[in-house]
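A.B. asks: Below: one structure in structure tokens.
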Amino acid sequence: MPLPKYIVRLTDAERIHLEELSRTGKRAASVILHARICSKPMSAKAGQAWDDAQITEAVNCGASTVYRVRPAFVEEGLPVASFRKKPTGRQYRKLDGVQEAHLIALACGEAPAGRGRWTLRLLADPVG
């Protein structure tokens with residue numbers, strides 16, 4: 001089964017906005033790159049469509065970037081395609097306050113006999 005084609009169709013306002021984003025250079029590099037990726041298919045002459053390989057070569061980026069940005073623009077719109085997604089996973093603390101205080105006190109103390117200093121492996125044994 002062939003992959004679905006994501007044809008980028010821009011309104012005049014979207015095209016102008018993308019051109020401003022890519023021309024001014026006052027945004028993050030990823031935002032400018034995504035704007036260039038979205039505007040490239042529309043810069044072709046009528047009847048010519050740019051494939052992912054041509055866009056990759058034209059904007060000098062990876063194929064996977066083009067493969068992610070075009071569907072995001074077609075399915076979800078310009079803001080989603082322009083900006084990176086926020087991280088969803090939250091990193092929880094591995095140690096509570098008492099364990100952290102114990103680890104700091106241990107690391108600030110004298111190293112074990114036969115050792116010049118504490119290593120992470122040595123610190124992990126008493127805590128774990």
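The values are calculated or read from the model by the stated rules, or taken from the named source; none is laboratory data. It should be emphasised that the depicted structure is a prediction, and the values quoted were computed from it without experimental measurement. So basically every Cβ, Gly included, is an ideal-geometry build from the backbone, and we count neighbours across all protein chains shown. Accessible surface is based on the protein model in full, side chains and every heavy atom, while ligands, DNA and RNA are left aside. Shrake-Rupley method; radii C 1.70, N 1.55, O 1.52, S 1.80 Å.
A.B. asks: Given the criteria modelled with pLDDT under 85, surrounded by 12 or more Cβ atoms within 10 Å (Cβ to Cβ) and not charged (D, E, K, R), does Tyr6 qualify?
C.D. replies: yes
A.B. asks: Continuing with this model, one more query. Scan the stretch 34-55 and give yes if some residue there is at pLDDT 85 or above and in a loop (DSSP other than H, G, I, E, B), otherwise no.
C.D. replies: No, because not a single residue in the stretch 34-55 is at pLDDT 85 or above and in a loop (DSSP other than H, G, I, E, B).
A.B. asks: Which condition does Ser30 not pass, out of (1) assigned to a helix (DSSP H, G or I); (2) open to solvent by 70 Å² or more (accessible area, probe 1.4 Å); (3) out of contact with any helix residue (DSSP H, G or I) (no Cβ under 6 Å at 6 or more places or on another chain), if it passes all the others?
C.D. replies: Ser30 satisfies every listed condition except (2).
A.B. asks: Considering the stretch 90-128 alone, what residues qualify as being among the small types (Gly, Ala, Ser), at pLDDT 80 or above, assigned to a loop (DSSP other than H, G, I, E, B) and open to solvent by less than 100 Å² (accessible area, probe 1.4 Å)?
C.D. replies: Hits for the stretch 90-128 are Gly109, Ala111, Gly114, Gly116.
A.B. asks: Hey, another quick one. Please go through the stretch 76-111 and pick out each residue that is within 18 Å of Ile7 (Cβ to Cβ) and free of Cβ contacts under 8 Å to residues at least 40 places away in the same chain.
C.D. replies: Answer for the stretch 76-111, where residues must be within 18 Å of Ile7 (Cβ to Cβ) and free of Cβ contacts under 8 Å to residues at least 40 places away in the same chain: Glu76, Gly77, Val80.
A.B. asks: Report, by residue number, each residue of the stretch 65-89 that is among the hydroxyl-bearing types (Ser, Thr, Tyr) and open to solvent by less than 70 Å² (accessible area, probe 1.4 Å). Even if it seems obvious, please write down each step before you answer.
C.D. replies: Narrowing the stretch 65-89 to residues among the hydroxyl-bearing types (Ser, Thr, Tyr): 65, 67, 82, 88.
Correct list: Thr65, Ser82.
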